[in-house]
Amino acid sequence: MNHLITEKSAYLQAHAHQPVDWYPWGEDAFQKAWKEDKPILISIGYNSCHWCHVMARECFEDREVARVLNTHFVCIKVDREERPDVDQLYMDAVLLSRKQGGWPLNCFALPDGRPFYGVTYLPKKQWLALLERISTLYREKPEEVREMARQLSQAMQQLDTAFLEALAPQPARVQLPWEEVFKLLLQDIDWVWGGEWSTQKFPTPSRWIFSLRAGTLLHKPELVRATHLTLEKMALGAIFDPIDGGFMRYATDRLWRVPHFEKMLYDNGLLLALYSEAYRHMPNSLYETVIRKTADFLLERMRLSDGLFAASLSAESEGQEGLYYSWTYEELQTALPEPELAQVFFAAHPVSHEGNWQDGRNLLYRELGDTELAHRLGLPIEEVLQRLAAAYARLAEVRRRRISPDRDEAAILAWNSYTILGLVQAYKALGDPKHLYAARMAAHTLLEAYGSELHRIHKEDRWYGEAFAEDYAAFTLALIHLYTVTGTDEYLLQANSLMQKSLELFYDPTERVFCFTAKNLRFYPTRRKDIFDTSTPSSNSLFAEALWYLSRYFQLSDYEEKVLFILSRLRRQMAENPTLAGHFLQVALLEECAPLGVFYRGSDIRPLWSRYEPAIGWVGYLPEPETRIPALMSYASYPSEKWFLCTYGACLSPVETPEELWALVEAQKATLPKPRIESN
């Protein structure tokens with residue numbers, strides 16, 4: 001038993017009975033390191049991480065390793081779900097050292113927390129050898145270690161400044177060289193299997209949402225084609241679970257066929273939003289299946305009793321990665337004795353007695369889409385879909401008898417906000433009221449916990465942990481989008497309240513961007529600025545989008561100025577590194593290319609979402625003849641069932657049908673200034 005025994009994190013609890021004398025991140029560990037003049041090992045991971053568990057079994061549960069660690073180091077164990085700020089700091093240190101990042105992340109630091117060396121997973125023999133080298137170096141050459149820490153800390157402090165353009169004296173509208181952005185986005189596309197050309201493939205929802213919108217708005221069909229190719233290949237690959245629904249973390253191969261098996265809430269919320277938007281652009285049976293099954297996975301497998309959603313499912317079950325999701329050929333044959341089900345299932349999935357994965361086991365990926373499969377079998381597509389659904393239901397019965405991967409019960413604020421966004425987009429795409437109900441229930445649970453501040457994690461009936469910029473920004477944006485399908489003023493009013501609190505906690509008025517940590521956060525060497533998308537959008541891009549919307553709803557020029565400053569400081573990164581700035585590019589596209597606003601006074605706004613139109617930047621919904629939203633007050637008194645189209649601060653005369661609205665949209669689009677798309 002060690003100092004983690006009272007922690008609530010499932011990941012920290014898993015290390016609480018190890019022989020390593022672990023401390024949680026906090027003052028006690030740093031004080032011990034100062035007093036005993038020992039280097040600190042900061043080991044970072046998360047509960048569903050396969051290699052974190054492997055290293056725990058091989059190293060941290062080993063008494064020989066524990067003796068070395070306890071003698072020569074002060075050891076801190078960090079759950080990156082609880083402390084993404086700490087994870088960001090030490091991950092940047094490892095990457096700046098030109099080493100590969102990943103988890104578990106093991107970083108060595110001075111007693112003041114400044115890192116000087118870091119690695120990811122190592123087996124026991126190599127880990128012990130490294131510990132010996134580090135402890136000897138710290139003991140015999142302390143000046144050399146301090147110089148390593150000084151140089152690395154200096155590089156980290158300059159990191160944000162290096163990525164930000166010089167601050168302009170006045171806010172100015174940003175014009176991007178769109179053709180150059182498109183060229184960079186298209187140069188690494190895998191035109192056979194979708195995604196980026198790589199031996200490992202990650203879902204990057206922000207990039208593909210931007211590509212779909214920009215390709216549509218700025219008439220770049222290659223971007224649209226790349227997006228749909230990627231979404232089709234992901235949906236047919238084993239990264240998507242056709243039985244229970246939901247997506248795995250990433251694929252370890254080019255073909256999306258061998259996943260890293262953990263299922264993360266943030267991936268599924270963001271991918272649900274992506275597929276829902278893509279479905280509205282190009283409705284098809286594959287996207288509809290992905291939307292329904294991913295939403296069902298969230299509602300049936302991840303939803304907690306209070307309406308929030310659990311953080312993740314582990315990659316492991318019974319100590320093996322992927323065992324829960326893989327099949328022997330005999331298991332599949334036994335589960336599907338009916339010829340009509342077996343015919344479609346085995347035609348759809350290239351499984352075999354030898355197995356298509358490892359140890360004679362099969363993963364369920366597909367080579368043919370729904371239309372191609374129906375054509376090959378000579379069956380109507382509806383019949384193929386029905387038989388596949390019945391086959392998956394049979395396999396679900398078998399799978400339920402297996403030992404399920406562990407679920408991390410923590411409800412993380414930002415990740416729940418991404419899930420609300422995804423469910424709202426699913427409702428727009430399919431109109432299923434259960435998606436909207438689940439989104440509202442989660443939002444109301446979060447709002448009930450919002451007093452003077454937010455906390456990041458809810459577990460065991462209480463909130464705890466510092467909330468970060470990501471949490472505030474994602475929740476603010478979720479409430480804004482929830483308003484657009486409900487017309488509930490309170491969502492926008494609460495979003496504006498959260499933005500005011502965010503400006504107080506996170507905004508740097510000198511740099512005109514947001515810091516990731518609050519001003520009063522303790523035990524933190526430097527306040528970083530989160531500007532690049534990773535597996536989730538950057539917090540600065542989320543804030544920029546939320547400010548863009550709120551500036552219009554509440555007619556706040558100060559908010560609009562802040563958007564322009566943020567975009568101007570990130571202009572070079574959007575132009576030169578668009579794959580890392582997908583969400584910022586979405587905001588830039590809103591600012592430059594989506595000037596239309598639609599206001600609806602009536603009871604059912606769903607016809608608006610039946611058509612994909614990214615030129616419509618923002619939407620006002622007034623189900624009742626009154627509102628507290630400044631931009632909408634003059635429209636509340638109109639009779640019900642009126643549609644208004646607005647652009648550049650002026651609105652046309654109202655029309656009564658969606659068809660009339662779309663005619664106005666087309667006419668107005670023809671008069672809009674064309675964005676500059678040529679290169680510099």
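Assorted remarks:
- Residues that are closer than 26 Å to Q200 by Cα number at least 3 in the following helices (runs of 4 or more DSSP H) confined to the range 245-353: 265-281, 285-297.
- Residue within the range 466-475 that is assigned to a strand (DSSP E or B), surrounded by fewer than 24 Cβ atoms within 10 Å (Cβ to Cβ) and out of contact with any Cys (no Cβ under 9 Å at 6 or more places or on another chain) present: yes
- Every test in (1) out of contact with any Pro (no Cβ under 8 Å at 6 or more places or on another chain); (2) closer than 28 Å to A518 by Cα; (3) at pLDDT 95 or above; (4) not polar (S, T, N, Q) is passed by E453 save one, and that test is (3).
- The set of residues in the range 119-160 that are of a type in the set (D, E) and at pLDDT below 90 contains only D160.
- Only a single criterion out of (1) loosely packed, with under 15 Cβ neighbours inside 10 Å; (2) within 25 Å of K220 (Cα to Cα) is not satisfied by G597, namely (1).
- Within the range 526-547, being in contact with a strand residue (DSSP E or B) (Cβ under 7 Å, 6 or more places away or on another chain) and charged (D, E, K, R) holds for one residue alone: K529.
- Against the numbered list (1) farther than 25 Å from T536 by Cβ; (2) surrounded by 19 or more Cβ atoms within 10 Å (Cβ to Cβ); (3) not aliphatic (A, V, I, L, M), D79 comes up short only at (1).
- Of the candidates A615, A636, the single residue that is in the same structural domain as V665 (by TED's automatic domain parsing) and at pLDDT below 95 is A636.
- Of the residues making up the range 71-118, those that are within 20 Å of H50 (Cβ to Cβ), among the aliphatic types (A, V, I, L, M) and at pLDDT below 95 number 2.
- Identification of helices (runs of 4 or more DSSP H) wholly contained in the range 1-94 with 3 or more residues that are touching a residue at least 60 places away in the same chain (Cβ under 8 Å) and within 27 Å of the chain's Cα centre (by Cα) yields 10-14, 50-55.
- Out of E330, E321, E340, sole residue that is acidic (D, E) and either assigned by TED's automatic domain parsing to the domain that holds W463 or within 21 Å of M248 (Cα to Cα) (or both): E321
- Annotation: A172 fulfils all but one of (1) small (G, A, S); (2) more than 22 Å from D267 (Cα to Cα); (3) part of a loop (DSSP other than H, G, I, E, B); (4) in contact with a Pro (Cβ under 7 Å, 6 or more places away or on another chain); the unmet one is (4).
The values are calculated or read from the model by the stated rules, or taken from the named source; none is laboratory data. This one's a predicted model, so the numbers in the text were calculated from it and none came from an experiment. In this analysis, Cβ positions are derived from the backbone assuming ideal geometry, glycine residues included, and neighbour counts consider all displayed protein chains.
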